[in-house]
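Quick notes on the structure that follows.
The values are calculated or read from the model by the stated rules, or taken from the named source; none is laboratory data. If you're wondering where the values come from, they're calculated on a predicted model, not measured in any experiment. Because the Cβ atoms are built from the backbone with ideal geometry, glycine has one as well, and the counts that use them run over all protein chains shown. Surface areas here come from the heavy atoms of the whole protein model, side chains and all, with no ligands, DNA or RNA. Shrake-Rupley method; radii C 1.70, N 1.55, O 1.52, S 1.80 Å.
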Amino acid sequence: MAVNDFNVSDEILGRIATKISLILQGKRKSTFVPHLDCGDYVVVVNATKVKLTGKKPMTKIYTKYSGYPGGLKKVVFDQLIKKNAAVVIRHAVSGMLPKNKLRDKYLKRLFIFNGETHPHKKKIKNKL
């Protein structure tokens, strides 16, 4: 398995999430099989600099429900990207992965960092 590096500064969230999900699944490999986990690792850097188009930064809402009455939490994209950018990218990539038992395995191989530096520099072989 290889480690792929993505610099998402000034990239559109949905477009970069599709590329990441294809690599996590291993769909670009000739040995791809849908029922096996044959994807690669992905390291995402500059997560705080990801962008949305149009008015979506002010209107896109992320919701979380605790299960209790009155437990619905809503956060706008602009606030969430400042607080925790990894949640935004992980949520987008998770939505583009298949909804089966392999999704958690795919997401374990996704590493997201807010800045340029990360501890996986020596392991990166492929630059996309």
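Condition check ((1) over 15 Å from the mean Cα position of the chain (by Cα); (2) at positive phi; (3) surrounded by fewer than 18 Cβ atoms within 10 Å (Cβ to Cβ)) across all residues:
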position	(1), (2), (3)
ASN7	no, no, yes
ALA17	no, no, no
PRO34	yes, no, yes
LEU72	yes, no, yes
LYS83	yes, no, yes
VAL87	no, no, yes
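Is it the case that TYR106 is crowded, with 16+ Cβ neighbours inside 10 Å, of a type in the set (Phe, Trp, Tyr), in contact with a helix residue (DSSP H, G or I) (Cβ under 6 Å, 6 or more places away or on another chain) and not in a loop (DSSP other than H, G, I, E, B)?
Numbers: crowded, with 16+ Cβ neighbours inside 10 Å: yes; of a type in the set (Phe, Trp, Tyr): yes; in contact with a helix residue (DSSP H, G or I) (Cβ under 6 Å, 6 or more places away or on another chain): yes; not in a loop (DSSP other than H, G, I, E, B): yes.
Yes: the conditions hold for TYR106.
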request  = Could you look through the stretch 41-65, keep only residues that are charged (D, E, K, R) and part of a helix (DSSP H, G or I), and pick out the one that is nearest to the chain's Cα centre (by Cα)?
outcome  = LYS49
query = Under the condition of being in contact with a helix residue (DSSP H, G or I) (Cβ under 9 Å, 6 or more places away or on another chain) and charged (D, E, K, R), which residue from the stretch 19-32 is least open to solvent (accessible area, probe 1.4 Å)?
reply = LYS27
key: Unique match (being of a type in the set (Lys, Arg) and in contact with a Lys or Arg (Cβ under 7 Å, 6 or more places away or on another chain)) among LYS60, LYS64, LYS55, LYS51   = LYS64
ask   = Can you tell me which residue in the stretch 74-103 is modelled with the lowest pLDDT, limited to those that are closer than 27 Å to GLY115 by Cβ and outside any helix (DSSP H, G or I)?
value = ASN84
task = Run LYS74 past the list (1) touching a residue at least 60 places away in the same chain (Cβ under 8 Å); (2) touching a strand residue (DSSP E or B) at 6+ places or on another chain (Cβ under 7 Å) and report the number of the one that doesn't hold.
result = (1)
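For (1) touching a Gly at 6+ places or on another chain (Cβ under 7 Å); (2) assigned to a helix (DSSP H, G or I); (3) not small (Gly, Ala, Ser), each residue gets a yes or a no:
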| position | (1), (2), (3) |
| --- | --- |
| ARG15 | no, yes, yes |
| LEU24 | yes, yes, yes |
| LYS29 | no, no, yes |
| PRO34 | no, no, yes |
| CYS38 | yes, no, yes |
| GLY67 | no, no, no |
